[in-house]
Amino acid sequence: MVDPGWYMGLAAVLFTIGSLGLLVRRNALVMFMCIELMLNAVNLTLISAGRALGDINGQVAVFFILVVAAAEVVVGLAIIVSIFRLRSTASVDELSELRG
Amino acid sequence: MITPEISWIAIFPELLLALGAAGVLLVEVQWKPDKSVLGTIAAGSVVFAAAFTVLQWVDASDAVEAGAVGDLVAFSGMVLMDGMAIFGRFVILAVTGFGIMAGWRYIESLGRRSAEAIALVLLASAGFSIMVASNNLVMMFLGLEVGSIALYVLAGMSRERVRSDEAAIKYFLLGSFASAVFIYGVALLYAGTGQFEVLAIRQFLSDTLLLSPAVALIGTALVIVGLGFKVSAAPFHSWAPDVYQGAPSGLVGYMAAIAKIAGFVAIARILLTGLSEFELNWLPIVAGIAALSMLLGSMVALVQGDVRRMLAYSGVAHAGFIMTGVVGASTSGILFYLAVYALQLVGAFAVVSAVSGPANAGSEIDDYRGLSTRSPMLALSFAVILLGMAGLPLTSGFIAKFGVFASAWSTGYEWLVIVAVLASVIAFAFYLRIIVVMFMTDDEGDDLPVPGTLRWVLGVAVVTTIVWGVLPGSLLRAATDALPL
């Protein structure tokens, strides 16, 4: 059996990719995908930690995070679509109306 | 088989709020009634929830006196009914009620969509209210998300679409990023300690000596970062000014206040209760965040030309002040500050929405020229609220600041208190700037009518600012009794 520690390491790498992607990419959709990647890295961490500890709680928590991620998709895509209709671009660099 | 222990009493206020939200939507679909009917349903659920919270408070104090603290844990350790949870919940309910009143003109202007706005406000409050009461960190995350997702939608609801959409997407992207960071911190805490429950983590950490606490410490840091975003503490504040400026002005005060209350109660619960064993590790980080927030917030607010952005940066500074209370490990100081500041924030944005129109985005400081002659009542109450935020003696803001500063001083963070006092002095400058513009410049523009509901909100904000400044005893006693388990 592969040691759960490796999976947690992989999850840490995925989480880092996600957060770096959020910082460097400029397309709202891609940034949104990066957030999903981060949430899935969390899920992987919880599953492997639960496995390592022999505790079911970590694996149960994953379901709740999946539901939250789905709810975020609903709201996030609606906002992105609404912006795209108004400006026909999804680049966050174009969103510079608010400043001071 | 173990049947889970169900205690509806513990979550009854949240149930009432959720039922109110569902009721508003269903009544709107079925009967399309007058807006005032929807308002009555919402007000009913908030008032009943608040009344029930008072009963919970009496119950909880009796249990503490009888030494039966086990009664305060419900749903097998998921939800707590301790003083801090009930106090936080009551403040959230008060802010919800006044927030709906302050935003009523905007909600009415939405037409058919007003039921959605009311339902979203009630759902956000239900989420944040469960968040302040949760013991289990996953439960806390769920409450945080229920509240935050509702707020993302509210931020984008204004009819001035371009700016409102921009505020919504910025709030959404950074808010979900913060949530992901928070839940990753929770996952690492779980990996390090094997526990999700705050009280169990405290028990575990005091019983066990972790040989390699690195995982749990990284988890702690990520939790601080995630919640720091939510309360807009520097350096995680970049979303706040844009959201405050772009979201519909009628509801910004509510949105800002409620996220701060829930975020800070969660920070206090996790750090002061659950992770008190790691105090030496997180104290310097929290102190650094506090100092940076206070200085950056007060200084950047000086150069803002838009009153809402100014209030946003003042909110960053206030997040720093409340963080000093976390450094001082004083839950009473934090709760007192939150109650005082939340009401002032709702009042301040009620003025902003009266001046710039309920759905309008942007509120240049020039719009406030000569407000004292155009609407003496607005100008006077805004002045009192701003002075309260600045922390002038004989206002509630002074007592609140004094409480958190004193606690930080007594834990040996003298430098932080000196920074805080310095920042308060800088902050006076921009609060006074608005007051000067209102009272000492010439009259420009027409007289401003103040709608009835706004009068009530302003009245409450002004009266509490003065009364709790002169006679803070009642609130101080309640905040001192509101202990976490």
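Applying 1/(1 + (r/R0)^6) with R0 = 45 Å to the Cβ-Cβ distance of residue B:302 and residue B:61, what FRET efficiency is obtained, to the nearest 0.05? Show your work: numbers first, answer last.
Values: r = 44 Å, r/R0 = 0.98.
Calculated transfer efficiency: 0.50.
For the stretch A:59-94 versus the stretch B:289-323, the inter-centroid distance based on Cα atoms is 29 Å. What is the sum of charges around residue B:208, taking Lys and Arg as +1, Asp and Glu as -1, for the other residues whose C-beta is under 12 Å from the C-beta of residue B:208? Cβ neighbours under 12 Å give a net charge of -1.
Summarising the label geometry, the points placed 7 Å from Cα in the beta-carbon direction at residue B:474 and residue B:440 lie 3.6 nm from one another.
May I ask for the accessible area buried between chains B and A, both sides summed, probe 1.4 Å, to the nearest 100 Å²?
The B and A chains share an interface burying roughly 3400 Å².
Accessible area per residue for the stretch B:338-396, computed on protein heavy atoms with a 1.4 Å probe, is 24 Å².
Counting only protein heavy atoms and a 1.4 Å probe, the stretch B:32-152 has 32 square angstrom of accessible area per residue.
Run the dipole for the stretch B:8-481 about the Cα centre, Lys and Arg Cβ at +1, Asp and Glu Cβ at -1, nothing else charged, and hand back the magnitude in debye, nearest 20. Walk me through the numbers on the way to the answer.
Details: 22 positive and 30 negative charges, 88 e Å.
Dipole about the Cα centre, nearest 20: 420 debye.
Amide H contacts for residue B:136 (H built 1.01 Å from N in the peptide plane; partners 5 or more residues away or on another chain; cut-off under 5 Å): B:198.
As a calculated quantity, the FRET efficiency between residue A:2 and residue B:7 at R0 = 30 Å, using C-beta atoms, amounts to about 0.10. When the charge dipole of the stretch B:8-481 is built from unit charges on Cβ atoms (+1 for Lys and Arg, -1 for Asp and Glu) and taken about the Cα centre, the candidate among B:479, B:467, B:70 whose Cα reaches farthest toward its positive end is B:467.
What is the percent carbon and sulfur in the accessible area of the protein assembly as shown, measuring with a 1.4 Å probe over the protein chains and ignoring ligands? Provide the component values of the computation, followed by the final result.
Numbers: 14980 of 21750 Å².
The nonpolar share, carbon plus sulfur, comes to 69 percent.
Put a plus charge on the Cβ of each Lys and Arg, a minus charge on the Cβ of each Asp and Glu, and nothing anywhere else: the dipole of the stretch B:299-456 about its Cα centre is then about 480 debye. Taking the chain by itself as reference, the stretch A:74-95 contains these residues with an accessible-area loss of 30 Å² or more in the full protein complex (1.4 Å probe, heavy atoms): A:75, A:79, A:82, A:83, A:86, A:87, A:95.
Is there a simple number for the mean count of other chain Cβ atoms within 10 Å of the Cβ of residues in A:36-42, and what is it?
Values: counts 2, 1, 7, 5, 1, 3, 11.
Per-residue shielding by partner chains comes out at 4.
Per-residue shielding of B:239-252, expressed as the average number of other chain Cβ atoms within 10 Å of the residue Cβ, stands at 1. 3J(HN,Hα) couplings calculated from phi for the stretch A:30-38 with the Karplus curve 6.51 cos²θ - 1.76 cosθ + 1.60 (θ = phi - 60°) are, in sequence order, 5, 4, 5, 4, 4, 5, 4, 4, 4 Hz; Gly and Pro show x.
Please work out how much length the chain gains when fully extended from residue B:206 to residue B:364, using 0.36 nm per residue of separation minus the C-alpha to C-alpha distance, in nm with one decimal. List each step's numbers first, then the result.
Details: separation 158, 0.36 × 158 = 56.88 nm, distance 5.31 nm.
Full extension of this stretch gives 51.6 nm more.
The values are calculated or read from the model by the stated rules, or taken from the named source; none is laboratory data. Here the structure is a predicted model, which means the values were calculated and not measured. Heads up, the Cβs are rebuilt from the backbone with ideal geometry, glycines too, and the neighbour counts pull from every protein chain shown. With ligands, DNA and RNA removed, areas are computed over all heavy atoms of the protein, side chains included. Shrake-Rupley method; radii C 1.70, N 1.55, O 1.52, S 1.80 Å.
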